[in-house]
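Each remark here refers to the structure printed beneath this line.
The values are calculated or read from the model by the stated rules, or taken from the named source; none is laboratory data. Note that the coordinates shown come from a computational prediction; the quantities given were computed from them, not determined experimentally. Note: ideal-geometry Cβ built from the backbone for every residue, glycine included; neighbour counts use all protein chains shown. Each accessible area value is taken on the protein alone, full model and side chains, heavy atoms only, with ligands, DNA and RNA left out. Shrake-Rupley method; radii C 1.70, N 1.55, O 1.52, S 1.80 Å.
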Amino acid sequence: MADKQAFFDHIEKGYTTKGEAITLGAAMLRGETLTNALVKIPLKTMNRHGLIAGATGTGKTKSLQVLAENLSEKGVPVLLMDMKGDLSGIAKPSPGHAKINERHGKIGIPFTSKKFPVEIMTLSEQNGVRLRATVSEFGPVLLSRILDVSETQAGIISVIFKYCDDNKLPLLDLKDFKKILQYATNEEKDEFSEEYGRISSASTGAILRRIVALEQQGGDLFFGEKSFDTDDLLRIDENGMGYINIVRLTDIQDRPKLFSTFMLSLLAEIYTTFPEQGDSGRPELVIFIDEAHLMFKEASDALLDQIESIVKLIRSKGVGLYFVTQNPTDVPDAVLSQLGLKVQHALRAFTAKDRKAIKLTAENYPISEYYKTDEVLTKLGIGEALVSALNEKGIPTPLAATLMRAPMSRMDVLEDQELKELLGESKLIEKYNETVDRESAYELLNDKIDIAEKEEAKEKAQKEKAKVKRSSSSSSSRSSRQNPIVKVLSSPTVIRSVLGILGKLLK
C-alpha cells in the first residue's frame with residue numbers, strides 16, 4: 001500500500017501543471033490503474049514535438065485521435081496525415097459504450113461525447129480540398145533535394161530558375177520545368193551558353209528522368225495552381241475550437257516520394273511564412289504524421305538533412321510535429337532526439353531482432369524505479385502506453401505506464417453520405433478545387449518557339465524566292481547573249497546574200 005501511495009505521489013508531483021494541459025489517462029503500477037493518478041501534458045510544451053509508436057492494433061491511432069481532439073477543444077488547429085483512412089469519424093460524436101465508461105471510471109475523469117470541426121483535404125483525385133504548390137515556391141534547393149540530383153545537376157536547376165526569373169517565365173507545374181529544360185538544350189542552347197554557361201544535354205536528360213519518376217508517383221497532381229495558403233490551416237470555428245484538417249492519403253502509401261515531397265514542401269512553407277512565437281504558452285499548429293516511416297523511406301541523405309533541420313527549427317514558429325509509426329527505429333536518430341513527448345504502445349518480441357529493438361527503445365525513456373521498461377513494453381494491453389513528456393520547465397516527466405482515455409468522437413470512418421455532407425459544408429473546396437492553368441513558362445516558351453519557327457520559315461522562304469529570282473535572271477541573261485556564229489548567220493547581209501544566190505539558181 002505504501003508503495004502505491006509513493007508511486008501516486010510520484011506521478012502527481014511529476015505531472016502537476018500550472019497552465020493548461022491535456023489529460024492522456026491515469027498511471028498504472030503492476031497492471032493496476034491508480035484512479036486520479038492523472039498523466040497530463042502541458043499545452044505549453046506541445047510544440048516540442050513527439051512520437052506515438054507501437055505494434056499494429058495496440059491503439060496508436062486512438063492516442064493520436066485523443067491528442068487531436070483535446071488540442072482542438074483548447075482552440076489549437078491540427079493537421080492529420082490519414083494514411084489508413086480511419087480518422088474522418090472525428091467529425092461525429094462517439095456513440096459511447098459501457099466499456100468506455102468503465103475505462104474512464106478507472107482513470108477518474110468523466111467521459112464526454114463530442115464532435116469536432118473537420119476539413120477533409122487531398123493530394124490526389126480523391127474528394128477533398130486540393131493541396132498544391134508551384135515549382136517556383138519550391139525553389140531550386142528544395143527541388144534539387146527532392147529529385148536527389150548531383151551537385152552539377154543542382155547547379156543546372158539553379159541556372160534554370162535564374163533564367164526564368166530574368167525572363168519573367170513563371171514555373172508553376174512540372175510541364176513548365178520540363179519545357180524549359182528542353183528549351184535550354186535545344187532551341188536556345190547558344191543563349192544559355194553565352195549568359196549562364198554551357199548546359200550539358202546529358203545532365204538535363206538525367207534531371208528529366210527524375211522528374212518523370214516523380215510524375216509517375218503523382219507529382220503532376222501536386223505541382224500547380226491554385227497554391228495552398230498555409231494560413232488556412234489555422235482556422236478556428238464559431239465555438240472557439242481549432243479545425244482538424246485531415247489529409248486523406250489512402251491512395252499514396254505506395255508513393256513515398258510524393259508524400260515526402262508534400263511534407264517537406266509544407267514544412268518549409270510553414271517555416272518560411274509563420275512568425276516567430278517564442279514562449280507563447282500554446283502551439284499555433286500541431287501536425288500528426290501517421291505512418292511516418294513513409295516520410296523517411298527512400299529519402300536521400302540531403303533530404304533527411306533538410307527534414308532534420310526543419311524539425312529542429314520549426315518549433316520556434318509554434319508548430320509541433322508528431323510522428324506516428326510502429327517502431328521508434330523508423331525515425332532517424334537526429335529527429336528522434338528532438339521529440340519531447342513519447343507515447344509508446346506495446347511492442348511484440350517475435351524474433352531476436354525484435355527483442356534487440358525493444359531494448360534499444362527502452363533506452364530512450366527515463367530510468368524508473370517502478371518499471372523494468374523493456375519488460376513493460378511487451379506486456380502493455382490495447383489502449384495502454386508508456387508515456388514520458390516534458391513539464392512546463394522542459395524537464396522530462398516521470399515514466400508512466402498509462403491507461404489511455406477514449407476518444408470523444410467516433411472511432412470509425414464516416415459513411416459515404418456523411419462524407420458528402422461534410423464536403424458540402426467546406427468553405428475551402430470552392431477556393432482550391434478549380435484547376436488553374438494560366439500562362440506560364442510552358443505556354444510562353446511554346447509561343448516563343450512558334451514565333452522563332454515562323455521567322456525562320458519566313459526567312460527561308462525569302463531566301464528561296466531570292467534564289468529563284470537569281471536563277472531566272474541568270475537564265476534570261478544567258479539567252480540574250482547569242483553565239484557569234486549564230487549571230488553572223490542570222491545577220492541581214494548574210495540572209496540577203498543567201499536569198500540572192502537562191503534566186504539566181506531558181507532562174
query = Expressed in nm to one decimal, what extension gain is obtained for the pair Asp229 and Lys356 from 0.36 nm per residue of sequence separation less their Cα-Cα distance?
reply = 41.3 nm
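Ignoring ligands, DNA and RNA, what accessible area per residue does the stretch 263-317 give at 1.4 Å, in Å²?
Result: 40 Å² per residue.
Determine the shape class of the stretch 178-253: with a ≥ b ≥ c the square roots of the Cα gyration tensor eigenvalues, call it rounded for a/c under 1.5, and otherwise prolate if a/b is greater than b/c, oblate otherwise. Intermediate values should be presented prior to the final figure.
Numbers: a/c = 5.13, a/b = 2.43, b/c = 2.11.
Taking the square roots of the gyration eigenvalues as a ≥ b ≥ c, the stretch 178-253 is prolate.
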note = Expressed as a percent, the accessible surface of the stretch 188-280 that is carbon or sulfur, using a 1.4 Å probe and the full set of protein chains, is 42 percent
key: Counted charge near Val135, where neighbours are those whose Cβ lies closer than 9 Å (Asp, Glu -1; Lys, Arg +1)   = -3
message = Ordering Arg355, Arg255, Arg209 by accessible area with a probe of 1.4 Å, largest first, what comes out?
response = Arg209, Arg355, Arg255
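If you rank Lys168, Lys18 by how much accessible surface each has, with a 1.4 Å probe, what is the order from largest down? Don't skip to the end; give the middle numbers.
Numbers: Lys168 165, Lys18 200 Å².
So, going from the largest accessible area down, we get Lys18, Lys168.
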request  = First check a/c for the stretch 36-162, with a ≥ b ≥ c the square roots of the eigenvalues of its C-alpha gyration tensor; if it is under 1.5, answer rounded, and if not, answer prolate when a/b is larger than b/c or oblate otherwise.
outcome  = prolate
request  = Give the carbon-plus-sulfur fraction of the accessible surface of the stretch 26-161 in %, rounded to a whole number; probe 1.4 Å, heavy atoms of protein chains only.
outcome  = 47 percent
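Report the extension gain between Asp165 and Glu434 in nm, rounded to one decimal, defined as 0.36 nm multiplied by the number of residues separating them, less their alpha carbon distance.
Numbers: separation 269, 0.36 × 269 = 96.84 nm, distance 2.64 nm.
The Asp165-Glu434 span can extend by a further 94.2 nm.
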task = Along Cα→Cβ, 7 Å out, is where each label goes; now give me the distance between the ones at Thr329 and Arg30 in nm to one decimal.
result = 3.3 nm
message = Past 29 Å, Cα to Cα: identify those pairs from Lys297/Lys372; Lys62/Lys379; Lys13/Lys372, in the order given.
response = Lys297/Lys372
task = Find how many whole Å separate the alpha carbon centroid of the stretch 115-150 from the alpha carbon centroid of the stretch 332-387.
result = 33 Å
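What FRET efficiency comes out for the pair Ser201/Glu425, r = Cβ-Cβ distance, R0 = 56 Å, nearest 0.05? Before the final figure, lay out each step's value.
On the way: r = 52 Å, r/R0 = 0.93.
Efficiency at R0 = 56 Å is approximately 0.60.
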message = Given the whole protein assembly as supplied and a 1.4 Å probe, what does the accessible area of Ser113 come to in Å², nearest 10?
response = 60 Å²
remark   = Extend 7 Å from the Cα of Lys106 along its Cα-to-C-beta direction; within the stretch 393-414, residues with backbone N under 19 Å of that point are 400-408
inquiry  = Checking the a/c ratio against 1.5 first, then a/b against b/c, what shape does the Cα gyration tensor give for the stretch 241-307?
reply    = oblate
The stretch 83-180: GluC sites (Glu not before Pro) falling in loop per DSSP and having at most 10 other Cβ within 10 Å = Glu125
request  = Compute the accessible area per residue over the stretch 145-231, keeping the other protein chains in place, probe 1.4 Å, unit Å².
outcome  = 47 Å²
Accessible-area value, Phe116, 1.4 Å probe, nucleic acids and ligands omitted, Å² = 10 Å²
